[in-house]
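The values are calculated or read from the model by the stated rules, or taken from the named source; none is laboratory data. From a predicted model like this one, the values you see are computed outputs, not experimental measurements. Reconstructed Cβ throughout: ideal geometry from the backbone, glycine too, with neighbour counts over all protein chains shown. With ligands, DNA and RNA removed, areas are computed over all heavy atoms of the protein, side chains included. Shrake-Rupley method; radii C 1.70, N 1.55, O 1.52, S 1.80 Å.
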Amino acid sequence: MRKPLVMGNWKLNGSKNMAKSLVAGLRNELSNNTACNVAIAPPVVYLDFVKHQLDGSNIILGAQDVGVNLSGAYTGEISIEMLKDVGVTHVIIGHSERRTYHKESDEFVAKKFGVIKEAGLVPVLCIGETEAENEAGQTQAICARQIDAVIKALGIQAFNGAVIAYEPVWAIGTGKSATPAQAQAVHKFIRDHIAKQDEKVAQQVIIQYGGSVNDKNAAELFTQPDIDGALVGGASLKADAFAAIVKAAEQAKK
Ligand code: PGA
């Protein structure tokens, strides 16, 4: 049985005060949580602060991105060893906002995947098609291409212990989530695509859904057999909404 992972991606939001009250709220709401892994990914500047707020809780600390270099003359970059040093275990890469605004290519994202694995941490690889690609019937081809870049660079075994987040770009921050059936169809395609190379790797890989997940639509999404939790943006900024999503995952996967 795969243990679902519900991860909050705070994006460019937050402050020390906000982090303090959000984490306190989550700790309060999720004190008995065991059936679902829970992670939060605050902006990098607050990671160390949030790690201290999380002391003694089983909420996982995640990062929203990482650089590909380990040290040296790379002004403004953050390395995987630095993330590890402050207690990060899960690192989001390839988010559509980085692919779009920072022109990150499939190959560059695959490089990040390798750096994270090399450090013994968990990559959360975001993939997904744009609205135009969806309408052109290219959803499967885009997802396959984004996964294949990692397989080509690192081999299929790199997906052991890894997380994939299927996030249709048209569903991110729009309030227009994919339907449970739509998402399940793509998740099954992704798992089958990996199974073509290695059945065991496919069975254990966590495939999250992301894109306008909230406390209203989460439960139905999680009843789908290939949806193993969610990557949550907007709704992860409110303790009660995020906790409700975690509880929906625990309930659905019992
Ligand atoms: P959203 O963002 O939940 O606000 O749609 C999801 C994401 O981008 O990870």
Computed [θ] at 222 nm, deg cm²/dmol, the chain (DSSP H ≥ 4; -39,500 (n - 2.57); rounded to nearest 500)
-12500 deg cm²/dmol
Taking only pairs that are 8 or more places apart or on different chains, how many Lys pairs in region 125-254 have Cα atoms under 22 angstrom apart?
17
Identify the residues of region 7-33 with backbone N under 18 Å of a label point that sits 7 angstrom from the Cα of VAL86 along the Cα-to-Cβ direction, or state none.
8-24
Specify the inter-centroid distance of region 192-216 and region 85-129, based on alpha-carbon positions, in whole Å.
16
Using only alpha carbons, build the gyration tensor for the chain and give me the equivalent ellipsoid semi-axes, biggest first, whole Å.
25, 23, 17
Over 15 Å [Cα-Cα, region 113-211], rounded percent
60
Calculate what fraction, in whole %, of the accessible area of the chain sits on carbon and sulfur atoms when a 1.4 Å probe is rolled over the protein chains.
52
Taking the solvent-accessible surface of protein heavy atoms with a 1.4 Å probe, what is the per residue accessible area of region 5-252 in Å²?
44
Tell me the Kirkwood hydrodynamic radius of region 162-254 in angstroms, computed as one over the mean inverse distance between distinct C-alpha pairs.
13.2
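Under the definition of Cα pairs under 8 Å and six or more residues apart, what whole-number percent is the relative contact order of region 5-252? Mind dumping the intermediate values first?
On the way: 450 pairs, mean separation 52.2, N = 248.
21 percent.
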Quick one: which residues, 5 or more positions from GLU104 or on another chain, have an amide H under 5 Å from its amide H? H modelled 1.01 Å from N in the peptide plane, none for Pro or chain starts.
ARG99
Ranking request for peptides 242-248, 188-194: highest mean number of other beta-carbon atoms within 10 Å first, then the rest in descending order.
242-248, 188-194
Report the calculated FRET efficiency for GLU118 and ASN58 (r = Cβ-Cβ distance, R0 = 25 Å), to the nearest 0.05.
0.45
Toy charge model, Lys and Arg Cβ at +1, Asp and Glu Cβ at -1: region 5-252 dipole around Cα centroid in debye, rounded to 20, equals 300
